[in-house]
Amino acid sequence: MADFGKILRNIGEFGLFQKLTLIALCSPNLIESFTLASVLFIQSDPERHCNTDWILHADSNLTADEQLNLTLPREEDGTFSRCRMFVPVDWDIDAIREYGLNETTGCQNGWVYLNTLYEATIVTDFDLVCDKVKLVEVISSAHGGILYIFLVAATEWIGMSKRSWGVCVTQLFGSIGQCVLAGVIYAIRDWRVAQLITAAPLAVVAIYIWFIPESARWLLNRGRTEEAKQLIVKAAAINKRTVPDSLLDKIVVTNVGNKGGITVIFRSHVLTKYFFIITLAWFSVNLSLYCLYFNMGNLSLNIFVTQLLFGAIEIPAHILCMWLLEVFGRKILLAATLLTSGLSCMLILAVLQGYAIAVTSLAVTSRFFLIWAGSICNVFVQELFPTSVRQTATALGAMSARKGGLLAPLLNMLAMYNWVIPITVFSSITLVSGALGFLLPEMRQKATENGTSTNTASNPNSSKL
């Protein structure tokens, strides 16, 4: 049968067909950035106090300060409680002034929100504060899985020698979306309007996605040989290439599903080692990224400026990744970026609280290298594993990454006990995964020699298709 790498070399590894497909699949990545951060811009812990208008029935002429002093208990630092109030009583105002109120309860009639950044948020509209604040953290982790589907689809038609470009460009669009989002949310302060604007483009994606060409590899694996051949010929025509009939005749159906599937990875102790190192790196990258991202509002600097910085710093990270992957290779860059990002986060612990610029600078630096490391993980997983299990390995790696995203808001909750706990945990994991990165093989030469991968850890024949 024909090696699919050879087919791609004949029709063009990164021609017009691949570029158009890549752009079409990159657009949802830009929009997904909006969906992610639209949850972030909700001011999860706004300044507030319980609504105590009940006392106005006793005296409608009370000043705002008098009302608060009579109806709200104070915290140890002398500020009014944000989640407690005195139990309402049916007394006249003189009795309340003379005897005072002592019994407290949770807010019974909602909250009064003060100095909010936005006209309305999901938090203020549904009172997701105090005992309901954890619901906001959970909402923050239910999204993003679709990105990996587009990532795999975008690289299926790209030859190995250019696959790293496909991975980095896909994520570059997400970085641009982060920058645009800062301006969109700054201009629109109502969460319902912002949610509508950020979600509406997904309807367009849902329409044109049906015109994206299917993966020829997947079609062959499903026995749909004629459909695969037609797409190969179409891709060649768009790239202004021709496919020799002798090459098309060699394309046969291979049921990859009967070759062991995921067990191929675990039958080889070398592949198993590589798999766990990559999945741990992917997990640590997402855990750190989301811990930093969901904590962005607490970095003391203006949240819109921080969002812009977080998005802008990703652009050079992806551009440098495309170039330096071919200069220094995958192994050294993965280990270096993970170690540098972990160290940058650790240094936050050494900065005194209140130094917003220093803390934000370290967080942005860490995010720069984490984004870089994430791109390398995506490239590595495409090159380390044979085609028969490549998509399975990608899916499992993505699941590991999503676990990091799911655990990030839960880890951030531990800051209520001590603010250093989340940073210490995710930084330590990142540093460990960076050290393990030195155990991976270098795939740069293997990805560029003859335009195809030659996995030393597996049977060379398994990389066909």
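The values are calculated or read from the model by the stated rules, or taken from the named source; none is laboratory data. Since this is a predicted model, take the numbers as computed values, not measurements. Note that we place each Cβ from the backbone using ideal geometry, even for glycine, and neighbour counts take in every protein chain shown. Each accessible area value is taken on the protein alone, full model and side chains, heavy atoms only, with ligands, DNA and RNA left out. Shrake-Rupley method; radii C 1.70, N 1.55, O 1.52, S 1.80 Å.
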N461 vs. criteria over 19 Å from K162 (Cα atoms), at pLDDT below 90 and assigned to a helix (DSSP H, G or I):
yes
Please determine whether any residue of the stretch 267-275 is open to solvent by 60 Å² or more (accessible area, probe 1.4 Å) and modelled with pLDDT under 85.
yes
Restricted to the stretch 232-258 and to residues being under 23 Å from T392 (Cα atoms) and crowded, with 16+ Cβ neighbours inside 10 Å, the residue modelled with the highest pLDDT is I251
Looking at the stretch 148-162, can you tell me whether even one residue there is closer than 30 Å to T392 by Cβ, touching a Pro at 6+ places or on another chain (Cβ under 7 Å), part of a helix (DSSP H, G or I) and in contact (Cβ under 8 Å) with a residue 24 or more places away in the chain?
yes
May I ask you to verify whether E214 is of a type outside the set (A, V, I, L, M, F, W, C), part of a helix (DSSP H, G or I) and modelled with pLDDT of 80 or more?
no
Just the residues that are among the aliphatic types (A, V, I, L, M) and either modelled with pLDDT of 95 or more or closer than 30 Å to Y186 by Cα (or both), please, taken from the stretch 41-71.
I42
So, first residue over 14 Å from L370 (Cβ atoms) in the stretch 315-339, second residue crowded, with 19+ Cβ neighbours inside 10 Å and of a type in the set (G, A, S), Cβ within less than 8 Å, six or more apart or across chains; the pairs are I315/S175; M322/S164; L325/S164; E326/S164; K331/G437
What pairs come out if I take residues in the stretch 374-387 that are closer than 15 Å to I319 by Cβ and touching a residue at least 12 places away in the same chain (Cβ under 8 Å) and pair them with residues that are of a type in the set (V, I, T) and part of a helix (DSSP H, G or I) whose C-beta lies under 7 Å away, six or more apart or interchain?
G374/V285; S375/V167; I376/T337; V379/V167
Which of the residues that make up the stretch 101-136 are touching a strand residue (DSSP E or B) at 6+ places or on another chain (Cβ under 8 Å), over 14 Å from C50 (Cα atoms), touching a residue at least 24 places away in the same chain (Cβ under 8 Å) and of a type outside the set (A, V, I, L, M, F, W, C)?
N115, T116, Y118, E119
When the stretch 345-384 is examined, which residues are found to be small (G, A, S) and modelled with pLDDT under 90?
A350, G354, A356, A358, S361, A363, G374, S375
Over the stretch 415-435, the set of residues hydroxyl-bearing (S, T, Y) and open to solvent by 60 Å² or more (accessible area, probe 1.4 Å) is Y417
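Residues checked against (1) more than 19 Å from the chain's Cα centre (by Cα); (2) open to solvent by 10 Å² or more (accessible area, probe 1.4 Å):
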| site | (1), (2) |
| --- | --- |
| I332 | yes, yes |
| C345 | no, no |
| A358 | yes, yes |
| F369 | no, yes |
| Q391 | yes, yes |
| A395 | no, yes |
| G405 | no, no |
Which ranges mark the helices (runs of 4 or more DSSP H) fully within the stretch 355-443 that have 3 or more residues being among the aromatic types (F, W, Y)?
356-384
I need a count of the residues in the stretch 180-218 that are open to solvent by less than 50 Å² (accessible area, probe 1.4 Å) and acidic (D, E).
1
Just the residues that are open to solvent by 30 Å² or more (accessible area, probe 1.4 Å) and in a loop (DSSP other than H, G, I, E, B), please, taken from the stretch 108-119.
Q108, N109, N115, T116, L117, E119
